[in-house]
Amino acid sequence: MSDTDALNIPRSSFPRVVIVGGGFAGVALAKKLSGKEVQVVLLDKNNYHTFQPLLYQVSTGGLEPDSIAYPIRKILQDYPNFFFRMAEMQQVQTGNQKIVTNIGSLSYDHLVIAAGSETNFFGNTEIEKNGMAMKSIPQSLNLRSMILENFEQALLTDNLHERDALMNFVIVGGGPTGVELAGALAEIKKGILPKDYPDLDTRRAQINLIQSGDRILKEMSENASKKAEDFLESLGVQIWKNTRVTSYDGKKVTTKTDLEFEAATLVWAAGVKAVSIKGLDAQEILKPGNRLQVNEYNQVQGFENIYAIGDIACMEKEDTPRGHPMMAQPAIQQGRHLGDNLVRLLEGKKMEPFIYKDKGSMATVGRNKAVVDLKNYKFQGVFAWFVWMFVHLFFLIGFRNRMIVFVNWVYNYVRFDREARLIIRPYQRDYSWFKE
Ligand SMILES: Cc1cc2nc3c(=O)[nH]c(=O)nc-3n(C[C@H](O)[C@H](O)[C@H](O)COP(=O)(O)OP(=O)(O)OC[C@H]3O[C@@H](n4cnc5c(N)ncnc54)[C@H](O)[C@@H]3O)c2cc1C
């Protein structure tokens, strides 16, 4: 073998750990391996880490996208023996211990898959084509532009029916993403639209949140669900429970019941699935939601030196029969734990099993309104909202980002404003079809 790979990374005397994905899990692992006797190669298809929990604030003009993104090279720049390549992994060749990427192939001694998840449309190609997803910064920017463009279009028509449809928002999925987005849109409707569009009757704008089950925030306590529902209703959001959306042609939303909506915007926040990894797609490895089955050391079933962490990993244990929740905490904890385990391996010690410490969950609905479920303490309202903000600031990467987000939040709070309501990159949409 030559002493460099196609990605121009020199061979070192240390074992090479290739990490695919610079999200919560991949970054937590990389940090743990700093200063250890390994060569670390981190790959990501983007050159930045995304703080996904605040994507909805980008979509609704509360934050600029660069305040929730962070350059991966900057995270790694002080670590010796670290290499980053902006590359998309396309395949794992387990036989010869290589991965194939869009810029060449790379050999590994240990491979860690931390590639996360993507929106799950459950095979509904019509909704996938016409609906909006919110899983990445480009998607959030598309949504931000589209929301604003809809209002610009609404100003141009004297057809009341069409105008209402342009101002009608349907959000599918009553999990934290759907709830947070619905709350933010309701606040925009109340505080910003009347000032920005004085010649439009923005009171007619509707925000509909559709949930297939009988309560929103179903992963949280009943109290939290009920309170979040009250908060949303007080903001004017219409919640439709036990309602399953079946199709959306870009204009009409149909459901399994008689309920139909005419809406220019449908946001699909109804589920995620692990990204597909070619070469690790044997049926016996794949678990529901396309996740890779791992043991308690995060080793992918059937492989000693291939690991999966974060959203993509499914570790079935007694207390987590369907794997850990696809959330930031399990990803961070698994990344850190695997880092410790790889160091143990290098030192010739035994790996230790992963034990998840559930730190609770939370969601915000808007100004002064949030719900928090901790293990022994559940609370809602203003204090919960402060806790929500503190936790999100704490986990954001980078001092500058924390400062910018904090200053933006204070400004938005004091001024009842969201100044990033900009159509920087227009969302290309054919409105003539919508008007037909
Ligand atoms: C809108 C939204 C709101 C959320 N809110 C919360 C919340 O409030 N609290 C919470 O705990 N969790 C929340 N989550 C979930 C949380 O963000 C995820 O669970 C977490 O990001 C998972 O971390 P990860 O490292 O597994 O994957 P990710 O953070 O998704 O990182 C995966 C990385 O892999 C890269 N990648 C993917 N495929 C490839 C490839 N083939 N080659 C190279 N790179 C690749 C991606 O670019 C990405 O950087 C939210 C998610 C979304 C979408």
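The values are calculated or read from the model by the stated rules, or taken from the named source; none is laboratory data. What you see is a predicted model, and the numbers here were worked out from it, not measured in a lab. When we count neighbours, we look across all protein chains shown, and the Cβ atoms used for this are built from the backbone with ideal geometry, even at glycine. Accessible surface areas use protein heavy atoms only, side chains included; no ligands, DNA or RNA. Shrake-Rupley method; radii C 1.70, N 1.55, O 1.52, S 1.80 Å.
Annotations for the structure displayed:
Listed here are the residues, each with its yes/no results for (1) away from the ligand (no atom under 15 Å from the Cβ); (2) touching a strand residue (DSSP E or B) at 6+ places or on another chain (Cβ under 8 Å).
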site: Phe14; (1), (2): yes, yes
site: Gly21; (1), (2): no, yes
site: Gly61; (1), (2): yes, no
site: Arg85; (1), (2): no, yes
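- Of all residues in region 4-21 being over 12 Å from Val38 (Cα atoms) and in a loop (DSSP other than H, G, I, E, B), the one that is most open to solvent (accessible area, probe 1.4 Å): Asn8
- If the condition is being open to solvent by less than 40 Å² (accessible area, probe 1.4 Å) and either away from the ligand (no atom under 13 Å from the Cβ) or touching a strand residue (DSSP E or B) at 6+ places or on another chain (Cβ under 8 Å) (or both), then region 40-54 contributes Val40, Val41, Leu42, Leu43, Asp44, His49, Thr50, Phe51.
- Any chance Asn96 is more than 14 Å from the ligand (Cβ to nearest atom), in contact with a Gly (Cβ under 9 Å, 6 or more places away or on another chain) and not basic (Lys, Arg): no
- Any hit, region 276-285, residues being farther than 30 Å from Met167 by Cβ, within 15 Å of the ligand (Cβ to nearest atom), open to solvent by less than 30 Å² (accessible area, probe 1.4 Å) and in contact with a Lys or Arg (Cβ under 7 Å, 6 or more places away or on another chain): no
- At least 1 residues being within 21 Å of Ser12 (Cα to Cα) is the threshold, and among the strands (runs of 3 or more DSSP E) wholly inside region 68-131 those reaching it are 82-86, 98-101, 104-107, 110-113.
- Hits in region 211-242 (condition: crowded, with 18+ Cβ neighbours inside 10 Å and either assigned to a helix (DSSP H, G or I) or in contact with a Lys or Arg (Cβ under 8 Å, 6 or more places away or on another chain) (or both)): Gln211, Ser212, Ile216, Ala224, Ser225, Lys227, Ala228, Glu229, Phe231, Leu232, Leu235
- In region 28-39, the residue that is most open to solvent (accessible area, probe 1.4 Å) out of those that are touching a helix residue (DSSP H, G or I) at 6+ places or on another chain (Cβ under 6 Å) and within 26 Å of Met326 (Cβ to Cβ) is Lys32.
- Residue list for region 248-271, restricted to those being within 16 Å of Tyr431 (Cβ to Cβ), among the aliphatic types (A, V, I, L, M) and assigned to a strand (DSSP E or B): Leu266
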